[in-house]
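Nothing in this text is a laboratory measurement; each read-out follows from the coordinates by a stated rule. Given the structure is predicted, the values throughout are model-derived calculations rather than measurements. Heads up, the Cβs are rebuilt from the backbone with ideal geometry, glycines too, and the neighbour counts pull from every protein chain shown.
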Amino acid sequence: MNKDQAKGVARDIAGKVQETAGELTGNNDQQIKGLGKQIAGKAEKALGDVKEVIKDATAKPVRP
């Protein structure tokens, strides 16, 4: 797991918490901000996933 994946997951979770808090308090602005954080978090995690795939694909194979 690279830093983009970790940050993305953390941002997604924070967004879910913020969205839920907005729902509980009836604050639509907080709900929208929470959804925005979730989208940003998912995008950042996807970027990290792509970086991992590229890193794995370009790694030199180890020969015995």
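Below is a table of values for the structure above.
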item: Cα centre as origin, Lys/Arg/Asp/Glu Cβ charges: the stretch 3-58 dipole, Debye; result: 160
item: Angle in degrees between helix 3-25 and the longest Cα principal axis of the chain, rounded to the nearest 10; result: 10
item: Rel. contact order, % - alpha carbon contacts under 8 angstrom, at least six apart, the chain; result: 42
item: Simple label model, 7 Å out from Cα along Cβ direction - Val53 to Ala14, nm; result: 2.7
item: Between 0 and 90°, nearest 10: helix 28-58 axis offset from the chain longest Cα axis; result: 0
item: Cα pair distances exceeding 18 angstrom across the stretch 3-58, given as percent; result: 40
item: Summed residue charge, Cβ within 11 Å of Ala40's Cβ, Lys/Arg positive, Asp/Glu negative; result: +4
item: Set of aspartates and glutamates near Lys45 by C-alpha distance (under 12 Å), chain-local residues within fewer than 8 positions excluded; result: Asp4, Asp12
item: Across Lys16/Lys51; Lys37/Lys60; Lys3/Lys33, pairs whose alpha-carbon gap is larger than 31 Å; result: Lys37/Lys60
